1. For a test of the definition: using alpha carbon positions, the gyration tensor, and the 1.5 limit on a/c, classify segment 174-279 as rounded, prolate or oblate.
2. Stretch residue 52-residue 206 to full length: gain in nm at 0.36 nm per residue minus the Cα-Cα span?
3. For the chain, just the Cα set please: Rg and Dmax, both in angstrom.
4. Give 157/184; 113/178; 178/221; 184/253; 86/175 a once-over and call out the pairs whose C-alpha atoms are over 25 Å from each other.
5. Which net charge results when you count Lys and Arg as +1 and Asp and Glu as -1 among the other residues whose beta-carbon is under 15 Å from that of residue 326?
6. Check residue 71: other-chain or 5+ apart residues with amide H under 5 Å from its amide H, H built from backbone geometry?
7. Could you give me the ³J(HN,Hα) list for segment 75-86, computed from phi with Karplus coefficients 6.51, -1.76, 1.60 and θ = phi - 60°, whole Hz, x at Gly and Pro?
8. For residue 96, what residues show an amide H to amide H distance below 5 Å, using hydrogens built from the backbone and excluding near sequence neighbours?
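Read-outs throughout are calculated quantities, based only on the coordinates presented, and are distinct from any laboratory measurement. A quick note: this is a predicted structure, and the numbers were derived from the prediction, not measured. Cβ sites come from the backbone with ideal geometry, for glycine too, and all protein chains shown count toward neighbours.
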Amino acid sequence: MTSIPLSLSSTMSFLSRSTAAAGLSSLTIGSHVTIFALHRPVSPEHDHRGLSPDFLRSALDRLKCSGYNFVSLEEVLTRPNQLPPKPVCLTMDDGFADQAELLAPVLAEYRTKTTFFLITGFIDRIDWPWDEKVAYLIKASTNSVLEGLEPYGLPEKVSIESANLRDSVRRLLQKKGKELPAEKISDLVETLAKACDVEVPALPPRGYEALTWDQARDLEKQGLRLAPHSVNHHITSRLSLDDARAQFAGSWKRLQEELENPAKIYCYPTGRLTDFGQEHEQALASMGYLGAVSFVSTPLRMRHMHAQRYRLPRIAFPNTLTAVFRYASWIEALRSFAQPVR
Ligand SMILES: [Zn+2]
């Protein structure tokens, strides 16, 4: 018999005992849906602390057994008043091959109707995301000290001797890159490549590859919804408005060319409130997009859906069952709705 960890077992029993409280809270705060965002699966080939497919399976299984219903983003946007009880919405970002190979089969098996946001230039093998290049260069470097990164806020000499140091340098540079105008990003990557004594491969190496359009078509047949996540993952607000519009139009065009029935919902790269603005929300609306997702980490309060339809909040899929249930249930909704809404 599998034993459930004490904390999970007590949380689940608390939640099931609290049905009346949940009903009462839904009267108080109104209905909500939690939109989760998944990233990469765990893998020895890249540096990310990823999601284990086994954990994903057990979380989906528990959600299903506890009466949660998986809904698509399109259902949230087009039929907000007809959602089933206890709705949960899943999304996944970027379009890496390992997401298609390791996580998508589990998402399809549980009929989650997950929306998978694709960086179309990455799938087209035109380029690969700059933040992944940063991760790759630091991982591939045999240097123990990096020099020449002062323009990016690092000391003259920075040690990357331990895994922890490598991880913190990667984070710092990725954070710095998010603040730069899009045209300065290639300078950062080149400077880092020089510091690491590693060349940037034109095509992503193993562990960093994109899925193929054939794989995307298979996923579509299995019930996943495919949607645009820019052409090249440049942060929307670091681009001119014309360039941002070109990302919205170009990524949608490629999905339409390659797939049967993509979902016209946009996912802003990185998606923090500083990464896009009202002018982008308006541009997406005028281009016929149904909605857009951000990375503002709260459940979606349904009464705010129309006001927030071009910046729907999403929560990173947690790595413990207790946290999955806390975020999916009314507990997190009640806590976060006490905060002011933008
Ligand atoms: Zn992304």
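1. Oblate shape, in that a/c is at least 1.5 and b/c is the bigger or equal ratio.
2. Difference between extended and current length: 53.6 nm.
3. For the chain, the Cα-based Rg and Dmax read 20.6, 61 Å.
4. 113/178; 178/221; 184/253; 86/175
5. After counting each charged neighbour, the total is +2.
6. For residue 71, whose amide H was placed from the backbone, the distant partners under 5 Å are 88, 89, 90.
7. Each residue's phi maps through the Karplus curve to give 5, 4, 7, 9, 10, x, 8, 10, 6, x, x, 6 Hz.
8. Placed amide hydrogens put 211 under 5 Å from residue 96.
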